[in-house]
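**Student:** Following this message is one structure expressed as C-alpha cells.
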Amino acid sequence: MLFSLASAHHGWRWTTGDNIELTGIITDVKLGNPHGVLKVRAEQEVWTVEVGQPYRNARAGLEEGDLAVDVEVKIEGEPSADITEKLMKAERIWIDGQLYELYPERD
Amino acid sequence: MDHWLEALAATPLAEWMRYSRWGYAAINTLHVFSVALLVGAIVPLDLKLMGFWRRLNTELIAQVLVPVAITGLLGAIASGVLLFLAGPADYAGLKIFLIKMLLIVLATLNALNLHWRIGYAGRQGALRVAGALSLLLWLGVLVAGRMIAYV
C-alpha cells in the first residue's frame, strides 16, 4: 500500500519540467512493472523516487542489487509540481560515482 | 484481504508480470486491443439502440457487434487480471481502480439484462434506456481505466 499513489504516475506532465538533485540513502526498494519506486532518505526528509521499468533500468546498466537498501545514491530528475509530495522521477542516477542514464535524451 | 493480495503477488505469474521486459508490454498492448474491440463494437450498438440508423435492422447489427464486444470484454478481463497481478495491493488500494471495477460490473449486468431479458427486438423505450446506460457505463470504464495511470 505504501506506494499506491506514487506507482501510478506516467509521463512527465505531473512534474515541474526542471531538474533537482537528491543525494541520500535508499531505505526501501520496489522494482518492477510498470516502474520501480525507491524511498530515499536525504537529511531529515524521505523522498519517493520513481525509477524505470525493468527494461529501462537494465538499459541504463543497472544490475540486480545496484538499487538496494542502504546504498547511497545521487539522483537527478524532475520533482512533482506539488513539492509537498516529496516525489520525483529519476532521469539519471549515480552510485559510487558511476552514472546510470535512465533517460539519456532528457536534460 | 492484505495477505490475500500478498499471496497473489508472490505467485510465479505475478513475478513474471512484474519483472518481464516485454511480457508486461505485450499484455498491456493486448489490453488496449481488447478495449478497442469492446468499445469499438459497443458504441455503434448503443447508438443504434438509442435510435440511430433507423432503417437498419437492430437484430442483424447485434449479430455482428455483440460477439465482437464479448470477445473484447473477455480479452480485456484476461489481460486485465494479468496487469493487476503486477501490483495487486497497489491497484486494490486505488479508489479509481475500484470505481472502474464497479462500473464494469454494472455495465456487464446492463448488457446481460439487454441480451437475455429485453432482447434486441424488445420495446423501443427499454432499448433506448439500455443503450444510453451502456454507453455511459462503458465510457466511464474507459475513462476510469485511463485515469489509473495518472492519479
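The values are calculated or read from the model by the stated rules, or taken from the named source; none is laboratory data. Note that the structure is a prediction, hence the values are computed from the model and not measured. Note that we place each Cβ from the backbone using ideal geometry, even for glycine, and neighbour counts take in every protein chain shown. Surface accessibility is based on the protein's heavy atoms, side chains included, excluding ligands, DNA and RNA. Shrake-Rupley method; radii C 1.70, N 1.55, O 1.52, S 1.80 Å.
**Student:** Taking each residue in A:53-65, count the Cβ atoms of any other chain within 10 Å of its Cβ, then average. What number comes out? Don't skip to the end; give the middle numbers.
**Tutor:** Working: counts 7, 7, 5, 1, 0, 1, 1, 0, 0, 0, 0, 1, 0.
Per residue, the number of nearby Cβ atoms from other chains is 2 on average.
**Student:** Within segment B:76-151, list the chymotrypsin sites (Phe, Trp or Tyr not before Pro) lying in a DSSP loop whose Cβ has at most 16 other Cβ atoms in a 10 Å radius.
**Tutor:** Values: sites: B:Phe84, B:Tyr91, B:Phe97, B:Trp116, B:Tyr120, B:Trp138, B:Tyr150; in loops: B:Tyr120, B:Tyr150.
Counting only loop positions with at most 16 other Cβ atoms within 10 Å, the chymotrypsin sites (Phe, Trp or Tyr not before Pro) in segment B:76-151 are B:Tyr150.
**Student:** Please list, in chain and number order, the residues 5+ apart from A:Thr16 or on another chain whose amide H is under 5 Å from its amide H, with Hs placed from the backbone.
**Tutor:** The answer is A:Ala81.
**Student:** Within 15 Å, Cβ to Cβ, of B:Pro12, how many net charges do the neighbouring residues add up to if Lys/Arg are +1 and Asp/Glu are -1? List each step's numbers first, then the result.
**Tutor:** Details: positive: B:Arg18; negative: B:Glu6, B:Glu15.
Computed value for this residue: -1.
**Student:** To continue, here is another question. For chain A, what is the largest minus smallest coordinate of the Cα atoms on each principal axis, given in angstrom and ordered from greatest to least?
**Tutor:** Between the extreme Cα coordinates on each principal axis of chain A lie 31, 31, 26 Å.
**Student:** Could you tell me the accessible area of A:His10 in Å² (1.4 Å probe, neighbours in place), rounded to the nearest ten?
**Tutor:** Spelled out: A:His10, probe radius 1.4 Å, area about 60 Å².
**Student:** Select from segment A:15-70 those GluC sites (Glu not before Pro) which occupy a DSSP coil region and have at most 12 other Cβ atoms within 10 Å, ordered by residue number.
**Tutor:** Loop-located and lightly packed - A:Glu43, A:Glu63, A:Glu64.
**Student:** Moving on to the next point. Springs between alpha-carbon pairs under 10 angstrom, Gaussian network model over chain B: which of B:Leu135, B:Leu56, B:Leu38 fluctuates most?
**Tutor:** B:Leu56
**Student:** I want to verify a result. In a Gaussian network model of chain B, Cα cutoff 10 Å, which of these has the top mean-square fluctuation: B:Ala130, B:Ala86, B:Ala25?
**Tutor:** Among B:Ala130, B:Ala86, B:Ala25, the largest mean-square fluctuation in the Gaussian network model of chain B belongs to B:Ala25.
**Student:** Express the relative contact order of segment B:2-148 as a whole percentage, based on alpha carbon pairs under 8 Å and six or more residues apart in sequence.
**Tutor:** About 33 percent, as a whole number.
**Student:** Test of understanding: express the Cα radius of gyration of the protein assembly as shown as a ratio to 2.2 N^0.38 Å, with N the residue count.
**Tutor:** 1.24
**Student:** How many percent of the accessible area of chain A is carbon or sulfur, using a 1.4 Å probe?
**Tutor:** 45 percent
**Student:** Counting Lys +1, Arg +1, Asp -1, Glu -1, what net charge surrounds B:Gly93 among other residues with beta carbon under 14 Å of its beta carbon?
**Tutor:** Here the count lands on 0.
**Student:** Could you state, as a whole-number percent, how many of the C-alpha pairs of chain B are farther apart than 23 Å?
**Tutor:** The proportion of pairs with Cα distances above 23 Å equals 42 percent.
**Student:** While we're on this one: Ballpark to the nearest 100 Å², how much total accessible area do A and B bury together, probe 1.4 Å?
**Tutor:** Approximately 1400 Å² gets buried when A meets B.
**Student:** Keeping every protein chain present and rolling a 1.4 Å probe, give me the accessible area per residue for segment A:1-105 in Å².
**Tutor:** Value for segment A:1-105: 50 Å² per residue.
**Student:** While we're on this one: Could you list which residues have their amide H under 5 Å from that of B:Ile148, counting only those 5 or more apart in sequence or on another chain, with H placed in the peptide plane?
**Tutor:** none
**Student:** Normalised by the residues of chain A, what does the relative contact order come to in percent, with Cα pairs under 8 Å and at least six apart?
**Tutor:** The normalised contact order for chain A reaches 27 percent.
**Student:** If you don't mind, another one. Which net charge results when you count Lys and Arg as +1 and Asp and Glu as -1 among the other residues whose beta-carbon is under 13 Å from that of B:Ala69?
**Tutor:** After counting each charged neighbour, the total is 0.
**Student:** Hey, which lysines would be in cross-link range of A:Lys89, C-alpha to C-alpha under 25 Å, not counting anything within fewer than 8 residues on its own chain?
**Tutor:** The reachable lysines, counting only those whose Cα sits under 25 Å from A:Lys89, are A:Lys30, A:Lys39, A:Lys74, B:Lys95.
**Student:** I would also like to ask the following. For a quick check, take a GNM of chain A with Cα springs below 10 Å and name the residue from A:Asn33, A:Asn19, A:Asn57 with the largest mean-square fluctuation.
**Tutor:** A:Asn33
**Student:** If you keep only loop residues by DSSP, which trypsin sites (Lys or Arg not before Pro) in segment B:42-151 have at most 12 other Cβ atoms within 10 Å of their Cβ? Intermediate results must be reported in sequence, preceding the final value.
**Tutor:** Details: sites: B:Lys48, B:Arg54, B:Arg55, B:Lys95, B:Lys100, B:Arg117, B:Arg123, B:Arg128, B:Arg146; in loops: B:Arg54, B:Arg55, B:Arg123.
Loop-located and lightly packed - B:Arg54, B:Arg55, B:Arg123.
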